[in-house]
Amino acid sequence: MATKAVEVTAPMAIRTKRRRIPPELSIFLVLIGIALVYEALGWIFIGQSFLMNTQRLTIMILQVSVIGIIAVGVTQVIITGGIDLSSGSVVGMTAMIAASFAQSSTWPRSLYPALTDLPFVIPIGVGLLIGLAAGFINGELIARTKIPPFIATLGMMVSARGVAKWYTKGQPVSGLTDQFTFIGMGIWPVVVFLVVAFIFHVALRYTRYGKFTYAIGANVQAARVSGINVESHLIKVYAIAGLLAGLAGVVTAARAQTAQAGMGVMYELDAIAATVIGGTSLTGGVGRITGTVIGTIILGVMTSGFTFLRVDAYYQEIVKGVIIVAAVVIDVYRQKKRAKH
């Protein structure tokens, strides 16, 4: 009998150990593998190193930082079992509106001549409020009217892009103050991304907000029975996603030192791709910010690697689409395997 107990207990201990291995480790290994493949291909076809070029890697990290900020919000939405297709358009809208309050008095074609040379906190605050309002509307539509998140955020995607074009009749907003553009210079976009990721990593893992978010995604009916105000929490989650999209719009405008209505096009798909690659399940209830950070870097490494190997942009989009589908297929396989156990 004692021997039997040992036989039963040992596999259980092994399974427990396996479960304790962070799921991000496998994603991180994929990142290393992709980087090494590009390194090898670089020496074979280009005669150059991919990893040893610090300038290329710096540009890559700066480019994905904005996507990463959006992806942090999108991760929380997807954990609840929802989706947000509006984030790219919200980036364009907030970039245009925030930039219009960040123009210098020396610029001859200021949108609001009486509101030039404002302290940088004002255009940043305006951008954040606009993003928050867009996310709040998404949440209200989904929570109160019960329409699918896909439809609600699709409507916001179209509307926000329309507002971005209407705001200046398609004209760009330029002549931004140095105070405002400073937050888009150097390493600051990366700092913003990492700070945002850290804040929401802590929020999801160690606060009631995180517990409610996972509970809703895992089983919305069980969450409601346990006393969670599902509608109120969903509004919070979508409002935060909008807020972060607004922040991404502000950083984008500051980095480009101008704002155009076409900014942020397809950013929502890149953010969703980074989130799914990072291990967040589209069925809800599963996902971590650390995985999303790694997924964002993987996306950046792939894009930079394609450019490094001089792969045509059209092929890049095809491969990116294949990777998104593959990540979802792997997630479905994982869910089925988990259900069996």
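Who wins for biggest fluctuation among Tyr314, Tyr209, Tyr167 in a Gaussian network model of the chain, springs between alpha carbons below 10 Å?
Among Tyr314, Tyr209, Tyr167, the largest GNM mean-square fluctuation belongs to Tyr314.
Taking all protein chains as present, what is the carbon and sulfur share of the accessible area of the chain, in % to the nearest whole number, probe 1.4 Å? All intermediate terms of the calculation are to be shown ahead of the outcome.
Details: 11950 of 17310 Å².
Carbon with sulfur: 69 percent of the solvent-accessible area.
Residue-wise, which Karplus ³J(HN,Hα) couplings in Hz belong to region 89-106, taking 6.51 cos²θ - 1.76 cosθ + 1.60, θ = phi - 60°, and x for glycine or proline?
Result, rounded to whole Hz: 5, 5, 4, x, 5, 5, 4, 5, 6, 4, 5, 5, 9, 10, 7, 8, 5, 7.
Leaving ligands, DNA and RNA out of it, rank Phe308, Phe120 by accessible area with a 1.4 Å probe, largest first.
Numbers: Phe308 15, Phe120 80 Å².
Largest accessible area first, the list is Phe120, Phe308.
Of Leu282, Ala143, Gly227, which is farthest towards the positive pole of the chain's charge dipole, taken about the Cα centre with +1 and -1 on the beta-carbons of Lys, Arg and Asp, Glu respectively?
Ranked along the dipole, the leading option is Gly227.
Could you work out the relative contact order of the chain, using alpha carbon pairs under 8 angstrom and six or more residues apart, expressed as a whole percent? Each step should come with its number before you reach the end.
Working: 562 pairs, mean separation 105.9, N = 341.
Rounded, it is 31 percent for the chain.
Explain nothing, just compute: Karplus ³J(HN,Hα) = 6.51 cos²θ - 1.76 cosθ + 1.60, θ = phi - 60°, for every residue of region 259-276 in order, whole Hz, x for Gly and Pro.
Per residue, the Karplus-derived 3J(HN,Hα) values read 10, 9, 5, x, 5, x, 4, 6, 4, 4, 6, 5, 5, 5, 4, 4, 5, 5 Hz.
Which distance in nm do the two modelled labels at Leu36 and Ala203 give, with both placed 7 Å along the Cα-to-Cβ direction?
3.7
Hand me the tally of lysine pairs in the chain: alpha carbons under 30 angstrom apart, and the pair either on different chains or 8 or more positions apart.
20
Computed from the mean reciprocal separation of all distinct C-alpha pairs, what Kirkwood hydrodynamic radius does region 84-197 have, in Å? Don't skip to the end; give the middle numbers.
On the way: mean 1/r = 0.0656 Å⁻¹.
Taking every pair of different Cα atoms in region 84-197, averaging 1/r and inverting gives 15.3 Å.
Exactly which trypsin sites (Lys or Arg not before Pro) in region 287-341 are in a DSSP loop and have at most 16 other Cβ atoms within 10 Å?
Values: sites: Arg288, Arg310, Lys320, Arg334, Lys336, Lys337, Arg338, Lys340; in loops: Arg288, Arg310.
Taking region 287-341 and a limit of 16 other Cβ atoms within 10 Å, the loop trypsin sites (Lys or Arg not before Pro) found are Arg310.
Of (i) 20.0; (ii) 21.3; (iii) 20.5, which one was derived for Kirkwood radius over Cα pairs in Å from the structure shown?
Computed from the coordinates, Kirkwood radius over Cα pairs in Å corresponds to (ii).
Which whole-number value in Å² is the accessible area per residue of the chain, probe 1.4 Å? Please list the in-between numbers first.
Working: 17310 Å² over 341 residues.
On a per-residue basis, 51 Å².
The values are calculated or read from the model by the stated rules, or taken from the named source; none is laboratory data. Not measured: the values here are computed from a predicted model. So basically every Cβ, Gly included, is an ideal-geometry build from the backbone, and we count neighbours across all protein chains shown. To get the accessible areas, we keep the full protein, side chains included, count just its heavy atoms, and leave off ligands, DNA and RNA. Shrake-Rupley method; radii C 1.70, N 1.55, O 1.52, S 1.80 Å.
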